[in-house]
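The values are calculated or read from the model by the stated rules, or taken from the named source; none is laboratory data. Not measured: the values here are computed from a predicted model. In this analysis, Cβ positions are derived from the backbone assuming ideal geometry, glycine residues included, and neighbour counts consider all displayed protein chains.
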Amino acid sequence: MVEHAEIRMVHRGGSKINFREPVITNDSRFLLCAAGESVNVYSTSTEEYVHDLQGHTDLVTGVVLNPSNHLQVYSCSADGTVRLWDFTDAILIKTFIIGYPIYSIYVSEKHGGVVFLVVPMADYKSSGKNKLFQLVAVHLPHSGDQEVEARELSAVLCDVSPHAGAASFGREVCVSGMKKGAKNAFTCVSCHPKEDCIATGHEDGKIRMWRNFNQKKEYTYSTLHWHHGAVNTLCFTPEGTNLLSGGIESVLVHWHYTQENQKDFLPRLGAAITHIAVSPDGSLFSTSHSDNKITIIQSCVKVSAVIQGLVKGDGVWTNLIIDPRSKALVLNGKPGHLQFYSLHRDKQLYNLEIVQQEYIHEEGLDQFEVVNAAFDARGNWLATVEERRKKGAELEITLKLWAYDELTQSFVLNTTVTAPHEDQITAMFFSPSPETTMLVTTSLDGHFKAWLLADHSDANEGFWACDFVGGYHLLKPGCCSFSADGSLLSVGFQEVVTVWSPASWELLTTLSQPPGAIRDLCFGRLSCSKYLLGASTKNQLCCWNLLTCSLEWSTPMDVSLLQADPLSENMAAFCSQSGSSDLFVFKPSEPRPLYSQKALCTGKVQHAVFAPRDQMLESCEERTQWLNRSQLYFFTQHMDLLTFSTKTEEDRLLASSKQLMVDDSVAVTPFYLLLGKHRGQQLEKQEALTNPMAERTQLPQGSIAIKELLHTPAHVLPSASFLCAMFVRSLLISSSSTIYSVLCCSTFGSEYSLDSSWVLRYMLGTPVFGEFLQILSSSVRLDGERCCTAIFRSLQRCLIRFKSGLWLRHSRTFRDLSRSQSCVFLAVCLGLLSCCKVTLRPSLRSWALWSRFSSRISVLCSVHLSFDPD
Amino acid sequence: MGEFKVHRVRFFDYMPTAIRAMAFNAHTERLALARMDGSVEIFNFTDHYFQEKVIPGKDSRSIESLCWVGGRLFSAGLNGEIAEYDLENLRPKYSLEAYGGPIWTIISNTQGTQLAIGCEDGTVKLFEVLEEHIQFERNLDRQKGRIISLSWHPSGTHIAAGMMDMIRVFDVPTGHAVQRLLVDRGFGGSKSRETVVWSVAFLSDHTVVSGDSAGKVQVWDGHTGTLVKTHLVTKWDVLALSVSKDESSVVAGTSEGTVIQFQFIAPTLHQQQGKEWVRTRTFKNHTHDVRALAEIETAIVSGGMDTHLVVRPLLEKFDEKSHASGLRKIHFPHRNLVSCAKKVGLLLFQFPGQLELWRLGDSDGHGKPGDRLPLERMPEKLLLLKRKGEDHICCSALSSCGGWLAYSTVSCVRIYRLQTDNNNISITKVSKLPKALHSAHQLCFSSDSSKMFAASSQSSVLVIALTQSECKYVHTLKPKSGSRQPIHLMTTSVDGKWLAAANSDCEIHVYNLQKLKLHCIVPVYGSCPSAMGIHPTTNNLTVVHADQQVNTIISQLYLLQDWSRKLQKQGLHNVWLDRDTPVTHVTFNSKNPNQVVLHDMHMFCIIDQSLPLPDQKTQFYNQMTLRSLSEQERPSHLHAFKICKTFQDLLCVSLLDDQSLVVVERPLLAITSQLPAPVRQKKFAT
């Protein structure tokens, strides 16, 4: 599959985390869930991605805790292996090769060393729709080897459903659900942990509790009915006192085991519940939702954390867009929302509600859907189109324009245009020219419209209005594109490409290359901006030279998607050929592709985008050069988000992740990670310096101080001010190395100010500190006295909050936080210093200010830092 | 099948009354059922739930509770009387004033030696059951408040009594109350209202189960008087409880129309300790209050305000799907309430309190099959005859010429002479009746209206000669077998020669009316006859039994007719046997002697004896398929049973002499719509 050894196609996040039931570890600190080809480990308290267990080569289909060792976990995969992991350190302990694709895995405490797997029946190779599956028991052989073959399968049950909820372990028996034809078909099954009672969920929304089942057919059952749709999942709490159930209603129903009339609800969970998992001590529940989300619920009443993956709804109608501000990927999210998804972090940043109507959780309803979205070049404006198509009724379209609000850091609705066009809107783009903000929409009603921000002198905010309506011989426009400077607009009217001047709305020229309607249009960038590329339905890719208004070249290929890199001349064209997609990366000026990849994936690639990189790669190899500035992301048919990466880049990533590796079982908090990174940098620094300064105090001493800080409970530590002095001293070795310390600080600072998601994360986990950081990061932009006073005030507020014990409610987070309470202070101070360093210019006034400020800090921390303002 | 002009009659406003109480006799497998109007019905559960006997009600009688002692049936009601029933003559044997105000409940101990009643004044009275009578024995300690429900401990030493807000446990030998179990009141607004313990059950391990008006089913420890478990079952009342024979299951009937089962189950398998009462299944077969419940060996029997009796089999007691494992609803009585004067087109409808005489409409129109014909003359109610006295009408008859009308109550028989000339109708009561004719279980006129037959006690039949001026006792036909059971079916032949009478012992006697003596006893078949008729030309007797068997007997020879023998050999089609309502009427087509017309509640059927019998593989309901087939193919698909389901909820199907069919329907929806409103229930999405 991989032609070029140096460029690899990699899964870059966005995988389904709701595919199978997650597992909560015994100490309730981690949540493990199958995510694509790996198992992700999340922290349950901070909802943070900790690390992943990588090794499987196909979809992971099940994760279960090892019943004999609670620090280990089994995972099974469609690649035919069961792997045993140490999940705290992400170490693969063993691989058992089964040899058949595995669909789910079950273990029982009663059966040590045996796992139960669902595999296809022997003739699994005959790939028909109605495959048969069987439940088999596998004795895992004891062996010292890393890879063990375990091919002794003993069949337990035939004809089971491959669905993971279809089997469950009871006290003594194993039950497995079958498919049944009637309306009361089983959907899921769960066994009571202590009593012989089986709960089954049914398609008609009923739950049946079966008791007294044995060979003599004396079974009896009672029926519980609340759900109006099918019961998706059932789960007993470990004590067996409660039964949890969930379905499309997105309400977690909490049945009391002995008093079935009494039930509690946790409503408004956002999306249909697909799986429920309970921690072994019963304190935490987790519900997986159909919008690729895992919710962690504390004691059945409070949603304490939400782990949100890339939402893959019914489809991506908006193309993939990159938000110019946050560099986040923007696409359809929850119904009626746009999601902003950070590609680098594989995390959803936030959802923007577009439709602003209540979503009704029921199948078969026609609801408003966001079908188009576009950002202007600077990310100040967002345009969205939503439509609702009822069968036999008129199409309802709304165009909404959103302005970016600096204060709230989000988009605010500016203009709503109902029925902007009479028919579906096919394309929508903002003009990239810096002078005007213009939006162009093309629609199947035969017109394209240009929308301009109408300036109103009396109101401080303008609104959008239609400026120009254009058409061409009543043909239906299918696509449009602006040239890179915004001076030209090309609109594809079926077979004809028209080029307009947006300044005068003059039809400059028409280009046509029959036959075939134009499907995609794209202007070249930078040095190739004189070229216009068009892809037609009749397997033609044409390139026109706009200077000569003639066809430069054309090539027969079935281009399904044409995408231009905004930062370079490169273009990517996805071609679909005989059921699979090929990729060509090329420059319009050169007929030779820079990079080509045959048989990328099966099916058509419909969505792709070039995402700009944070840091430029400095690869000089010709083949990989096109990846230097931006990265190409695309969705396959099965909605997997894939990207291309080079080997060097991966190595770099791997190295950085190793740096962040946690060495012991201390809870992984952001602070801990931060400190670890910091220490690592220190180490590197030390190596780099190769001890030119012999008088430097030994580092072990410093690390002891850190260890002491981290491992001693907060209540036995001396006062923070005392410790801080010691700690800072251990770090700031001599007065000459203060620049170094400032450097460290500035890394802190830049860490925070550049990466707003870090801040966000802290805000959620630790409100007090988060607040401070928010002020801190915002105050970077302020200057002068306001800055200092704001920082100092917030610092004081933080201190008061700490003292008042407001954080007590967040005990889980703060248990760790209090441990490193003094580190917090340190980080705060250092961060402050760096800020001041960055913002204050060496002027007389600022010097005076600074001396005042630094004296306050010194009072606070009892640390005298010898600091040179230069 | 043939084409008929059909009189579709929907003006018979038959309204059954609500079921109030139930008692099951496990020995004889008979279920006694009391309705609100005071009538008692006996169902034979061994014989396909056939309604064997009906004891007509009485205005002043109200039955709150029924109780079997051996084969004797006792009832008690709010009129303060205890009554015992004479099941052979279908009337109360005697009734006894209990002097405790209205009686809410009556029970007997397992030994069958004592009866206990719960009275409004708070006393539990014990009666001794004697050979022919019952006798007051003593009172238990009198309590404040009424005694609503009683349950006797199987050992006979204790009685649990459900009262207002509490349950008392009495020690029977001393008569003192030993336990006082306080029942909580309902929540919210009903807090101020007293909780009525509608039903209690005393189990042999001294567990008391109670159902109350706050919607709870509670399990108590009878030794210590402590509450073991509360099941909140409904927002309304739990009205009835019934315990299975092995005490492993309790069913509770609620005002919502649900029946909820509780089972005594060990939480883990293979372990008998620590069993507890767990709520299991919920059955919803009623729309209104479930007032009466009985859990029998294989089924749960329930009845209530919505007037029908439901037999819900417990599927786990059956090994495979069979006839007995189907749900059964009994809506209509298993006997005829409609008499039809075939010659003149008159219908007589029998209500408990009155008789209605209607003249059928008339139409000259012609049309295609399935068309509605325009009416030239509307059907007309000619007569409304109210009964005299308190006793309800138990049977009635109309002569085929429409000239005579007779009805009987428990206490008297009345015969009327009807004269109809065009629009005038005159009715004259026949004043002098023979002394022997004081009550009848069944009445029947000969086809020439010269005689009337009245089924009397001990299976005897009185023959009364009718002339214009008087009626005269002629003879009493007595069976040889000496059966004492009442006759529930009677039919005469058209030529006036034969009379057949069937009684509850499943015996059918055929009398020769010319010789006025018993001609033969038809060989006794194990199932009760539910309908019979004598063929007008061949004089063969066709009998349909409660188990759906159809037999035709050549009367003179005591023999089964050839067709019938063939049927016996081949067996009836399973679809026919699986029908759950008995055939209640048999008539013949005088034009085509091969055709027998019969009907049950859901269909009517013409058996054409000239056609081949269906075997198990043939499609039984094939009228639609036949219609779609071509003329050539049709004969190969024909079979003897031609079934029409166009008409539903049938009370009577009869062929008039002018070859038009009278179909009397009583749609169940019409009955439901006349019921009082059910309790309000929250329905999803309302």
Scanning region B:356-395 for residues that are touching a Gly at 6+ places or on another chain (Cβ under 9 Å), within 21 Å of B:Asn424 (Cα to Cα) and among the basic types (Lys, Arg) gives B:Arg359, B:Arg377, B:Lys386
Filter result (under 17 Å from B:Asp121 (Cα atoms), part of a strand (DSSP E or B) and in contact with a Lys or Arg (Cβ under 8 Å, 6 or more places away or on another chain)) within region B:170-184 | B:Ala177
In region B:313-331, what count of residues is obtained for those that are away from chain A (no Cβ under 14 Å) and either buried (at least 22 other Cβ atoms within 10 Å of the Cβ) or in a helix (DSSP H, G or I) (or both)?
-> 3
Within region B:387-413, count every residue that is touching a Leu at 6+ places or on another chain (Cβ under 8 Å) and either closer than 22 Å to B:Gly496 by Cα or assigned to a strand (DSSP E or B) (or both).
-> 13
Under the condition of being more than 25 Å from B:Pro582 (Cα to Cα) and away from chain A (no Cβ under 14 Å), which residue from region B:660-686 is modelled with the lowest pLDDT?
-> B:Arg680
Pick from region B:509-549 the residues that are of a type in the set (Val, Ile, Thr) and within 19 Å of B:Leu655 (Cβ to Cβ): which of them is surrounded by the fewest Cβ atoms within 10 Å (Cβ to Cβ)?
-> B:Thr537
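Rundown of residues vs (1) in a loop (DSSP other than H, G, I, E, B); (2) surrounded by fewer than 22 Cβ atoms within 10 Å (Cβ to Cβ); (3) not hydroxyl-bearing (Ser, Thr, Tyr), yes/no style:
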residue: B:Asp448; (1), (2), (3): yes, yes, yes
residue: B:Met452; (1), (2), (3): no, no, yes
residue: B:Leu462; (1), (2), (3): no, yes, yes
residue: B:Ala465; (1), (2), (3): no, yes, yes
residue: B:Lys472; (1), (2), (3): no, yes, yes
residue: B:His475; (1), (2), (3): no, yes, yes
Is there a residue in region A:63-78 that is surrounded by fewer than 19 Cβ atoms within 10 Å (Cβ to Cβ), within 21 Å of A:Leu600 (Cβ to Cβ) and either out of contact with any strand residue (DSSP E or B) (no Cβ under 9 Å at 6 or more places or on another chain) or in contact (Cβ under 8 Å) with a residue 24 or more places away in the chain (or both)?
-> yes
Are any of the residues in region B:610-617 basic (Lys, Arg), exposed (fewer than 15 other Cβ atoms within 10 Å of the Cβ) and more than 33 Å from the chain's Cα centre (by Cα)?
-> yes
Odd one out for B:Gly367 among (1) within 29 Å of the chain's Cα centre (by Cα); (2) under 22 Å from B:Ser654 (Cα atoms); (3) surrounded by fewer than 17 Cβ atoms within 10 Å (Cβ to Cβ) = (1)
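Could you tell me which residue of region A:216-246 is farthest from A:Gly270 (Cα to Cα), considering only residues that are among the small types (Gly, Ala, Ser) and within 14 Å of another protein chain (Cβ to nearest Cβ)?
Applying the filter and picking the extreme gives A:Ser222.
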Among the candidates B:Val219, B:Val250, B:Val233, B:Val238, residue that is within 12 Å of another protein chain (Cβ to nearest Cβ) and either among the polar types (S, T, N, Q) or more than 24 Å from the chain's Cα centre (by Cα) (or both) = B:Val233
Qualifying positions in region B:192-209 - among the small types (Gly, Ala, Ser) and at pLDDT 90 or above = B:Ser199, B:Ala201, B:Ser204
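Grab the strands (runs of 3 or more DSSP E) fully contained in region B:1-76, keeping just those with 2 or more residues being without any contact (Cβ under 8 Å) to a residue 60 or more places away in the chain. I'd like the intermediate steps shown before the answer.
Details: elements: B:5-9, B:19-25, B:30-35, B:40-44, B:50-55, B:65-69, B:72-76.
In region B:1-76, the matching strands (runs of 3 or more DSSP E) lie at B:30-35, B:40-44, B:65-69, B:72-76.
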From B:Tyr94, B:Tyr99, which residue is surrounded by fewer than 20 Cβ atoms within 10 Å (Cβ to Cβ) and within 31 Å of the chain's Cα centre (by Cα)?
-> B:Tyr94
Of the residues in region B:266-301 that are among the small types (Gly, Ala, Ser) and within 13 Å of chain A (Cβ to nearest Cβ), the one that is surrounded by the fewest Cβ atoms within 10 Å (Cβ to Cβ) is B:Gly274
Name the residues in region B:482-504 that are free of Cβ contacts under 8 Å to residues at least 40 places away in the same chain and at negative phi, would you?
-> B:Ser483
Just need a number here: residues in region A:254-285 that are among the polar types (S, T, N, Q) and within 14 Å of chain B (Cβ to nearest Cβ).
-> 4
